[in-house]
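**Q** I have a structure I would like to understand better, so I am pasting it below and will then ask my questions one at a time.
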Amino acid sequence: MRLVIAECQVDYVGRLTAHLPMAKRLLLIKSDGSVSVHADDRAYKPLNWMSPPCSLTESAVPDGVDAEAYWVVTNKAGEELRITIAAIEHDSAHDLGIDPGLVKDGVEAHLQELLAEHVETLGTGHTLVRREYMTAIGPVDLLCRDADGATVAVEIKRRGEIDGVEQLTRYLDLLNRDPILAPVSGVFAAQQIKPQARTLAEDRGIRCLVLDYDALRGAESTEFRLF
């Protein structure tokens, strides 16, 4: 991973255009080829980014532009992220090694096992393809098919928060590049789903499902009972 803190201007040229004026920002270049631009806020989301597969070229500074460097990040669709760097304050590379992925606690692991056994909880006609379906960025909890045979990716949490929605979004972005699986829809399943997470998920076309742990275990719920 390469971390660059620089005074920079960023222009996105593609299906849409976007412009970030000159300011100090963090540029994050990951080993998977992705490039993202961050400000000192927005905890989980960059100002702009280019997802892999893409390539970064450190080009000659265009004539008439007062800058120290000029980067062009291009994806397979020919869209470009053009980064004009006026000054670099920090530039370092770090080898993070292979990430072991998110380790679920006991409840989440058991929820995954139970939902796999009772996959029609997702809807009538759903079938399980595989648990822990591996992708280049980590395992999808459940990969399923709906009643029409379309692919469904399921992310399971004990408590559903925004980070979980972001995780599922990344999986869906990757899975939908596979012509054998696409189109892939998403289900965000949890015992509790925070309102902000639900709003973000639904805005991205991800279905939310609240799980009843006792019902999945086949036990009668004791909620609202005195004894």
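The values are calculated or read from the model by the stated rules, or taken from the named source; none is laboratory data. Because the structure is predicted, anything quoted here is derived from the model rather than measured. Heads up, the Cβs are rebuilt from the backbone with ideal geometry, glycines too, and the neighbour counts pull from every protein chain shown. The area values use the complete protein model at the heavy-atom level, side chains included, leaving out ligands, DNA and RNA. Shrake-Rupley method; radii C 1.70, N 1.55, O 1.52, S 1.80 Å.
**Q** Putting +1 on Lys and Arg Cβ atoms and -1 on Asp and Glu Cβ atoms, find which of Gly97, Thr127, Ile206 reaches farthest to the positive end of the dipole of the chain.
**A** Most positive-ward Cα: Thr127.
**Q** To continue, here is another question. Given Cβ point charges of +1 (Lys, Arg) and -1 (Asp, Glu) and nothing else, what value in debye, to the nearest 20, does the dipole of region 22-171 about its Cα centre take?
**A** Details: 15 positive and 26 negative charges, 51 e Å.
Dipole size: approximately 240 debye.
**Q** Once each part is reduced to its C-alpha centroid, what is the distance from region 1-69 to region 108-132 in angstrom?
**A** Using only Cα atoms, the two centres lie 40 Å from each other.
**Q** What list of ³J(HN,Hα) couplings, whole Hz, do you get for region 128-135 from phi and the Karplus terms 6.51, -1.76, 1.60, once you set θ to phi - 60° and write x for glycine and proline?
**A** Working through the residues one at a time gives 8, 8, 6, 8, 6, 6, 6, 10 Hz.
**Q** A further question on this structure: Taking every alpha carbon pair in the chain, what does the distance histogram look like in 5 angstrom bins from 0, in percent?
**A** Pairs per bin, as whole percents: 1, 6, 12, 15, 15, 13, 11, 9, 7, 5, 3, 2, 1, 0, 0, 0.
**Q** Right, something else. Among Gly78, Ala189, Leu168, pick out the residue whose Cα is farthest towards the positive end of the charge dipole of the chain, where Lys and Arg carry +1 and Asp and Glu carry -1 on C-beta, about the Cα centre.
**A** The listed residue farthest towards the positive side: Ala189.
**Q** If you don't mind, there's one more thing I want to ask. Please give, to one decimal in nm, the separation of the simple spin-label points placed at Leu47 and Val61, each 7 Å out from Cα toward the Cβ.
**A** 1.9
**Q** Another question, then. If you roll a 1.4 angstrom probe over the protein chains with everything in place, what fraction of the accessible area of region 1-151 belongs to carbon and sulfur, to the nearest %?
**A** On the way: 4600 of 8790 Å².
Solvent-exposed carbon and sulfur of region 1-151 make up 52 percent of the total.
**Q** According to the square roots a ≥ b ≥ c of the eigenvalues of the Cα gyration tensor, what is the shape class of region 1-85, taking rounded for a/c under 1.5, prolate for a/b larger than b/c otherwise, and oblate for the remainder?
**A** Rounded.
**Q** I would also like to ask the following. For region 1-96, what's the relative contact order in percent, using C-alpha pairs closer than 8 Å and at least 6 residues apart?
**A** Working: 226 pairs, mean separation 32.0, N = 96.
Relative contact order, region 1-96: 33 percent.
**Q** Of the chain, which part is the longest with no trypsin sites (Lys or Arg not before Pro) in a loop (DSSP not H, G, I, E, B) and with at most 16 other C-beta atoms within 10 angstrom?
**A** Longest gap between qualifying sites, sites excluded: 105-176.
**Q** Straight-line reach from Lys45: which aspartates and glutamates have Cα under 13 Å away, leaving out those fewer than 8 places along the same chain?
**A** Result set, ordered by chain and number: Asp163, Glu166.
**Q** In terms of Cα to Cα distance under 12 Å, which aspartates and glutamates are near enough to Lys30, apart from those fewer than 8 places away along the same chain?
**A** Cross-link targets: Asp95.
**Q** Putting +1 on Lys and Arg Cβ atoms and -1 on Asp and Glu Cβ atoms, find which of Ile29, Cys54, Pro139 reaches farthest to the positive end of the dipole of the chain.
**A** Towards the positive end, the residue furthest out is Pro139.
**Q** Moving on. Any idea what the dipole of region 134-227 comes to, in debye rounded to 20, about its Cα centre with Lys/Arg Cβ at +1 and Asp/Glu Cβ at -1? Could you put the intermediate results ahead of the total?
**A** Details: 12 positive and 15 negative charges, 25 e Å.
The dipole magnitude comes to about 120 debye.
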